[in-house]
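What follows draws every value from the coordinates through simple rules; no lab data is involved. Owing to the predicted nature of the structure, the values given are computational and were not obtained by experimental measurement. Virtual Cβ from ideal backbone geometry, glycine too; neighbours counted across all protein chains shown.
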Amino acid sequence: MTTGKINVSVENIFPLIKKFLYSDHEIFLRELVSNATDATLKLKHLTGIGEASVEYGNPVIEVKIDKDGKKIHITDQGLGMTGEEVEKYINQVAFSGAEEFLEKYKDSAKDSGIIGHFGLGFYSAFMVAEKVEIITKSYKDEPAVHWTCDGSPEFTLEPSDKTERGTEIILHIAEDSTEFLEEGRIRELLKKYNKFMPVPIKFGTRKETLPTPDDATEHFHPDEIEVDNIINNPNPAWTKQPADLNEEDYKAFYHELYPMQFEEPLFNIHLNVDYPFNLTGILYFPKLSSDLQVQKDKIQLYQNQVFVTDNVEGIVPEFLTMLRGVIDSPDIPLNVSRSYLQADGAVKKISNYITRKVADKLKSLFNENRDDFEQKWNDIKIVLEYGMLSEPKFYEKAGAFVLYPTVDEKFYTLEELKEKLAATQTDKDGKLVVLYASNGDAQHGYIEAAQAKGYEVLLLDSPIVSHLIQKLEADNENLTFARVDADHIDKLIKKDEEQISKLSDEEKETLKTTIEEFVPKSGYSVQLEAMDSNAAPFMITQPEFMRRMKEMSQSGGGGMFGMGNFPDMYNLVVNTNHELSSSILSSSDKSHQEALVKQALDLAKLSQNLLKGEELTAFVKRSFELIK
Ligand code: ADP
Ligand code: MG
């Protein structure tokens, strides 16, 4: 037997890093600007604690394109490196100077905002450059050095005559990456990844008009001067304390984040924790229509003010991914797959924290100004209802602020609703019957009929309402929901005075068989009811249970109930106290009876929006015949 060691040499690994380290080549710029930022923040920290006796000043990072020379320069005024440090930090792949720094200054530097982590960022430069140079001078009193590497593991290190402190990285852009020599492309990248980084970043210059003095004559020409074009805002709102921000600041930041978004957000939630994990951010509730268009302006995830992604799946609870804003946390592991992320304990805690903060905010908005909250209800309900269904932690808290509006815009909490219904709307078993409409227009006749009887009718029109109702019924034993056009409400709700039937049992039996003769057997079940003689003679209802099952199987629910196409089943409720019933009974002419039943059935269908196509055409034709 032989044993041995597999030989992994740098020569083999280097091209791999180059090719596979990051799937996105464009992130090289983010990495190099991050290193320049780290170098600046480290110097800030060292001068702060008195370990570096140099002037910190107002350092700026500069990104410059030399299109003719096919080069990009990234220059900082940070702490620089000595020759020895270049050997240590740059020549050792996967040795992170950032991590070492944080380790060394553990106690004082934990809030310094240092970005680096894995010691791999620098090498991303080779994804776009065929040669990289580093010219650097340390803040320590040591000579500057010049490092050059062409992407092979060989490098050169020689003295340099650089005099100012800091580092300049020069990328010689490779043939296949010349897109990065375009000003527009680089600006786009800086705007995407570096927009809120903590050290000012200069990219080119811009003209600025000097202010006109008060005593200027009409011939005065204001001077234009060239100023540095700073592309970032180093102090974005989320890094500040909530107490230092007002409503206007939050709105202004929203527009800074989404320059193409003109509508104002409804309200915001400032996130700010540092234990047991570190997370800051601001979430905004935008106006959302219930047709949920594809969201382009998404929540952005940052780490120490560096943009990472706008895919926050797994980090933010799913129902909140419809919100906008930023979250910034150095504690989210991003070099792992999303499915792993969801199982990660720390990430679960973050997600729970966000849920809790959102619920708390909603509760305080509700308590502070209920009117305003009610006005916003239609724009936020879809998020909240979805949250109740998908997030048990949110559901627990939702009772305190989730509203149930009536068709005439009164708003009840669930508790208030129960109290209200207890007096008027109970069924035989003492359960509270919540009547609701899903569409004020389509169910108008039914709503009117219910209101005429003094019943309260809710308007629940979100697409997921049938799921929500199902859940509410499961959790509130004494509650049952019925759509206004579901099973006939007089049967549902216990009434003190029963209507007395004008027909004898025998007559009823005859009426039923007569009607059944002319009504399609499949799909309709004929039911006789003794109602007020002014109520409609024929009425179509659909059993609540049937319709809800059908809706739920259609609106997905992840195939929750595993049913395919659910057949439609309707009740044809016939009012035995209506004159028409007597007319049908007393007529001795079969074809006259048939005409009466068919016309009445069609009218009932019409008011339920069920009369369509050929049937509708025939009905209209027949009706004209009748009035001719
Ligand atoms: P990380 O940033 O994760 O530590 P990098 O590969 O990005 O790893 O960089 C390696 C190290 O090189 C840094 O930790 C830092 O010590 C050093 N370095 C890189 N860029 C600069 C710079 N602009 N100024 C000073 N030091 C730098
Ligand atoms: Mg780095």
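Can you give the charge dipole size of the chain about its Cα centre, rounded to the nearest 20 debye, using +1 on the beta carbon of Lys and Arg and -1 on the beta carbon of Asp and Glu?
Working: 70 positive and 106 negative charges, 299 e Å.
Roughly 1440 debye, rounded to the nearest 20.
Taking amide H as placed 1.01 Å from N in the peptide plane, residue 281 has its amide H under 5 Å from the amide H of 271, 328, each at least 5 places away in sequence or on another chain.
Would you work out the relative contact order for the chain, in percent, from Cα pairs under 8 angstrom that are 6 or more residues apart?
7 percent
Among residues other than residue 265 with Cβ under 9 Å from its Cβ, the summed charge is +1 (Lys and Arg +1, Asp and Glu -1). Restricting the GluC sites (Glu not before Pro) of the range 401-498 to loop positions (DSSP other than H, G, I, E, B) with no more than 12 neighbouring Cβ atoms within 10 Å leaves 409, 477, 497, 498. Under 5 Å from the amide H of residue 308 lie the amide H atoms of 301, 302, 303, each residue being 5 or more positions distant or on a separate chain, with H modelled from the backbone and absent for Pro and chain starts. Model label sites at residue 56 and residue 217, defined 7 Å from Cα along the beta-carbon direction, differ in position by 4.9 nm. Each residue, residue 273 and residue 164, gets one label point 7 Å from its Cα in the Cβ direction; the gap between the two is 4.3 nm. Under the combined filter of DSSP loop state and at most 11 neighbouring Cβ atoms within 10 Å, the range 88-194 retains these GluC sites (Glu not before Pro): 154, 164. A simple spin-label model places the labels of residue 187 and residue 141 4.5 nm from each other, with each point 7 Å out along Cα-to-Cβ. Taking a ≥ b ≥ c as the square roots of the eigenvalues of the alpha-carbon gyration tensor, the chain is classed prolate because a/c is 1.5 or more and a/b outweighs b/c. With a Förster radius of 51 Å applied to the beta-carbon distance between residue 408 and residue 157, the computed FRET efficiency rounds to 0.05. Other residues within the sphere of radius under 9 Å centred on the Cβ of residue 254, judged by their own Cβ, net out at 0 (K and R +1, D and E -1). Dipole orientation for the range 11-205: of the candidates 157, 58, 28, 58 has the Cα lying most toward the positive pole (charges on Cβ; Lys, Arg +1; Asp, Glu -1). Placing a label point 7 Å from the Cα of residue 588 along the Cα-to-Cβ direction, no residue of the range 507-537 has a backbone N closer than 15 Å.
Among the DSSP helices (H) of the chain, none spans at least 20 angstrom by Cα along its long axis with an average Kyte-Doolittle hydropathy of 0.5 or more; this is a geometric and hydropathy rule only.
Amide H to amide H, with H built 1.01 Å from N, residue 571 comes under 5 Å of 525, 541, 542, counting only residues 5 or more places away or on other chains.
Using the structure shown, select from 348/550; 104/202; 381/420; 431/512; 376/550 the pairs with a Cα to Cα distance greater than 26 angstrom.
Values: 348/550 34 Å; 104/202 31 Å; 381/420 22 Å; 431/512 31 Å; 376/550 30 Å.
Beyond 26 Å: 348/550; 104/202; 431/512; 376/550.
Going toward the positive end of the dipole of the chain, with +1 on Lys and Arg Cβ and -1 on Asp and Glu Cβ, which of 530, 449, 212 do you reach last? Result: 530, furthest along the dipole toward the positive end. Within the range 237-378, what percent of beta bridges assigned by DSSP are antiparallel, to the nearest 5? Counting only bridges with both partners in the range 237-378, antiparallel ones make up about 80 percent. What you get for the range 403-498, charging only the Cβ of Lys and Arg (+1) and of Asp and Glu (-1), is a dipole of about 120 debye around the Cα centre. Taking every DSSP beta bridge that has both ends in the chain, the antiparallel portion is near 75%.
Positive end of the dipole of the range 11-205 (Cβ unit charges, origin at the Cα centre): among 127, 46, 189, the Cα lying farthest that way belongs to 189.
Here the 3J(HN,Hα) profile of the range 219-226, calculated from phi with Karplus coefficients 6.51, -1.76 and 1.60 at θ = phi - 60°, is 8, 5, 10, x, 7, 10, 10, 8 Hz, Gly and Pro shown as x.
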